[in-house]
């Protein structure tokens with residue numbers, strides 16, 4: 001009977017950290033960090049660019065005038081009631097304008113802007129048509145469900161006589 005003796009294990013070389021390995025690890029680490037940062041920045045800017053006005057300085061120059069005009073509008077005590085109803089993939093917006101006594105306000109050119117809370121890319125602006133005295137309506141062909149900021153503006157000629165901002169919710173289909 002022969003007895004085989006196992007071969008002696010080969011001696012292992014000790015791990016040696018070289019300069020090239022350190023350089024490769026540094027490049028790989030910072031490459032991952034920069035890639036993740038670039039991805040997050042791109043997604044953030046696509047969903048919320050952060051621009052509310054083109055020139056904050058020019059807007060600020062007319063701030064006091066706008067405040068005075070808004071106080072004038074508030075003194076009139078006009079009210080707006082809005083409904084946003086689903087119609088297939090679109091929706092119908094109905095707005096009723098009334099004075100402080102509840103009488104309909106008629107003869108204005110009115111516009112509505114539905115602003116998405118997260119991004120201006122989804123905003124919708126429409127001209128409202130007066131269907132009956134004080135009742136203005138418009139339709140949207142396609143609009144997503146969810147919460148919207150409704151901005152109404154009524155003009156008599158070039159003068160803005162009424163401004164309103166409210167939150168509306170459009171249900172799923």
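The values are calculated or read from the model by the stated rules, or taken from the named source; none is laboratory data. Remember, predicted model here, so these are calculated numbers, not experimental data. Quick reminder, even Gly has a Cβ in these numbers, built from the backbone with ideal geometry, and neighbours come from all protein chains shown.
Only one residue in 126, 163 is touching a strand residue (DSSP E or B) at 6+ places or on another chain (Cβ under 6 Å), in contact (Cβ under 8 Å) with a residue 40 or more places away in the chain and either surrounded by fewer than 18 Cβ atoms within 10 Å (Cβ to Cβ) or over 30 Å from residue 45 (Cα atoms) (or both), so which one is that?
Exactly one residue qualifies, and that residue is 163.
Rundown of residues vs (1) touching a helix residue (DSSP H, G or I) at 6+ places or on another chain (Cβ under 8 Å); (2) closer than 30 Å to residue 47 by Cβ; (3) at pLDDT 90 or above, yes/no style:
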position: 66; (1), (2), (3): no, yes, no
position: 83; (1), (2), (3): no, yes, no
position: 120; (1), (2), (3): no, yes, no
position: 155; (1), (2), (3): no, no, yes
position: 159; (1), (2), (3): no, no, no
position: 168; (1), (2), (3): no, yes, no
position: 171; (1), (2), (3): no, yes, no
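Step by step: first the residues of region 129-150, then only those that are outside any loop (DSSP other than H, G, I, E, B) and surrounded by 15 or more Cβ atoms within 10 Å (Cβ to Cβ), then the one that is modelled with the lowest pLDDT. Which residue is that?
Taking the candidates together, the pick is 140.
Going by the structure shown, is residue 135 in contact (Cβ under 8 Å) with a residue 24 or more places away in the chain and under 12 Å from the mean Cα position of the chain (by Cα)? Explain how you work it out, then say what you get.
Working: in contact (Cβ under 8 Å) with a residue 24 or more places away in the chain: yes; under 12 Å from the mean Cα position of the chain (by Cα): no.
In short, no.
Only one of these conditions is not met by residue 111: (1) more than 22 Å from the chain's Cα centre (by Cα); (2) surrounded by 11 or more Cβ atoms within 10 Å (Cβ to Cβ); (3) over 17 Å from residue 169 (Cα atoms); (4) modelled with pLDDT of 85 or more. Which number is it?
(1)
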